[in-house]
Amino acid sequence: MNWKSAVFDGSTPIAEVISEFDRSPYGVALIVDDKEKLEGIVTDGDIRKALLKEVDTGLPVSEIMNRNPIVAYADQSETEITCFMRKKTIHYLPVVDRSGVLKGIRSLDDLSRIKTFDNPVILMAGGYGERLMPLTKDCPKPLLKIGEKPLLEMIIESFIDQGFNNFYISVYYKADMIRKHFGDGAKWGVSINYLLEKKKLGTAGSLGLLPTSNARPMIVMNGDLLTKVDFIEMLEYHERKSASMTIGSVTHDVHVPYGTLEIEEENILKSINEKPSLSFPINAGIYVLDQKCMRFINKGARMDMNDLITNLLGIKERVFVFPIKDYWMDIGSVKDFNSACRHFSDLN
């Protein structure tokens, strides 16, 4: 819907705003100044009150507007906005940037219309984060904040924004801190359960702790990634290929700081390439697994994802690679973490 049809200058007569209400898809008028900053809002309730008080409808609409409206901010996630609107029973909410400039309007009906997916999403969050010491001495890596939010919260909200609602978090190191922060997921309007490792089970072993009731393909993701990957597209790719496993892949560039020599037989030089860049597809730590993969995982036994992949390839199962073209960053070191903190706005 064209949200700008609900925007008015404060000098617009009340009568004109009333006439536009009948044609507007929104139940609110947004009043801005000449710099597009939000000055206030007018709801149909405000108009009814004005009419009951017999206010002159020739007066400017600024006379009856609410000058302190509740707003959302453009750098908030759709999940935050939706949960807030549901909690407060707000149907329409103006969106502004941090300087107050109007950027749009959110409709609860539109936000609630997102298609939902019951596929299990398993997030691996049990590691010690040794390469991030001393940051992880008292805080598990998934709870380190990127900007204002813990890393794992950003991951979960990225899934929620795309309609996923069924989460499992694999925990080990400082598990209680993670469970206390996320609880059962009610704060986000989703289900969160925990796969509690009593010993380190590797990057695939904790999948053996999953209940067996859900036959849908599952998404498994490392809990130390920042990404804008389209999980729905990846899931659909997996199903379209009838794959047993799909591995998300990103391109990693290696810059050789020397001239490389292409040599023929008898050590004859064919060509020289000065400081070339080589590109390799690498494992991005995001997977879609069909339920048939579970037969390779024994409950309580350690297994890494590479072992599972090797087993699947050994019996000629269909394993596909999904090229990720979107934002992706592995928070594996203090340097990576600091870089993510500096550039986390790329995700908004």
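Restricted to segment 279-318, and to residues there that are more than 27 Å from the chain's Cα centre (by Cα) and closer than 23 Å to Ile232 by Cβ, the residue that is surrounded by the fewest Cβ atoms within 10 Å (Cβ to Cβ) is Lys292. For Glu153, indicate whether it is of a type outside the set (Phe, Trp, Tyr), under 15 Å from the mean Cα position of the chain (by Cα) and modelled with pLDDT of 85 or more. It is true that Glu153 is of a type outside the set (Phe, Trp, Tyr), under 15 Å from the mean Cα position of the chain (by Cα) and modelled with pLDDT of 85 or more.
Matching residues to (1) over 12 Å from Ile324 (Cβ atoms); (2) buried (at least 21 other Cβ atoms within 10 Å of the Cβ):
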residue: Val220; (1), (2): yes, yes
residue: Leu225; (1), (2): no, yes
residue: Lys228; (1), (2): no, no
residue: Glu233; (1), (2): no, no
residue: Tyr237; (1), (2): no, no
residue: Arg240; (1), (2): yes, no
residue: Thr246; (1), (2): no, yes
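May I ask you to verify whether Asp224 is touching a Pro at 6+ places or on another chain (Cβ under 8 Å) and of a type in the set (Asp, Glu)? Yes; evaluated as a whole, the condition is true for this residue. If you filter segment 77-97 down to residues that are open to solvent by 60 Å² or more (accessible area, probe 1.4 Å) and modelled with pLDDT of 80 or more, you find that the one that is farthest from Asp33 (Cα to Cα) is His91. In this structure, Thr116 does satisfy being on the phi < 0 side of the Ramachandran plot, open to solvent by 80 Å² or more (accessible area, probe 1.4 Å) and of a type in the set (Val, Ile, Thr).
Which of the following residues is open to solvent by 20 Å² or more (accessible area, probe 1.4 Å) and under 21 Å from Ser339 (Cα atoms): Lys198, Lys180, Lys149? Being open to solvent by 20 Å² or more (accessible area, probe 1.4 Å) and under 21 Å from Ser339 (Cα atoms) holds for just one of Lys198, Lys180, Lys149, which is Lys149. The residues of segment 304-330 that are more than 26 Å from Leu226 (Cβ to Cβ) and either assigned to a helix (DSSP H, G or I) or of a type in the set (A, V, I, L, M) (or both), listed by number, are Asp307, Thr310, Asn311, Leu312, Leu313, Gly314, Ile315. When Ile178, Ile160 are screened for being closer than 22 Å to Asp326 by Cβ, among the hydrophobic types (A, V, I, L, M, F, W, C) and either assigned to a helix (DSSP H, G or I) or free of Cβ contacts under 8 Å to residues at least 24 places away in the same chain (or both), only Ile160 passes. Only one entry in Pro276, Pro323 is out of contact with any helix residue (DSSP H, G or I) (no Cβ under 6 Å at 6 or more places or on another chain) and open to solvent by less than 20 Å² (accessible area, probe 1.4 Å), namely Pro276.
Checking Arg98, Arg86, Arg106 one by one, the residue that is within 22 Å of the chain's Cα centre (by Cα) and in a loop (DSSP other than H, G, I, E, B) is Arg98 and no other.
Can you spot a residue in segment 253-273 that is in contact with a helix residue (DSSP H, G or I) (Cβ under 7 Å, 6 or more places away or on another chain) and without any contact (Cβ under 8 Å) to a residue 24 or more places away in the chain? No, segment 253-273 has no match at all. Whenever a residue of segment 211-224 is under 13 Å from Gly248 (Cα atoms), its partners that are open to solvent by 20 Å² or more (accessible area, probe 1.4 Å), lying with C-beta atoms within less than 6 angstrom and at least six residues away or across chains, give the pairs Asn222/Met124. For Ser271, the conditions (1) under 23 Å from Lys141 (Cβ atoms); (2) touching an Asp or Glu at 6+ places or on another chain (Cβ under 6 Å); (3) surrounded by fewer than 16 Cβ atoms within 10 Å (Cβ to Cβ) are fulfilled apart from (1).
The values are calculated or read from the model by the stated rules, or taken from the named source; none is laboratory data. Everything numeric in this text was worked out from a predicted model, so none of it was measured. Neighbour counts are summed over all protein chains in view; Cβ atoms, including those assigned to glycine, are modelled from backbone coordinates with ideal geometry. Side chains are part of the model used for accessible areas, which takes the heavy atoms of the whole protein and leaves out ligands, DNA and RNA. Shrake-Rupley method; radii C 1.70, N 1.55, O 1.52, S 1.80 Å.
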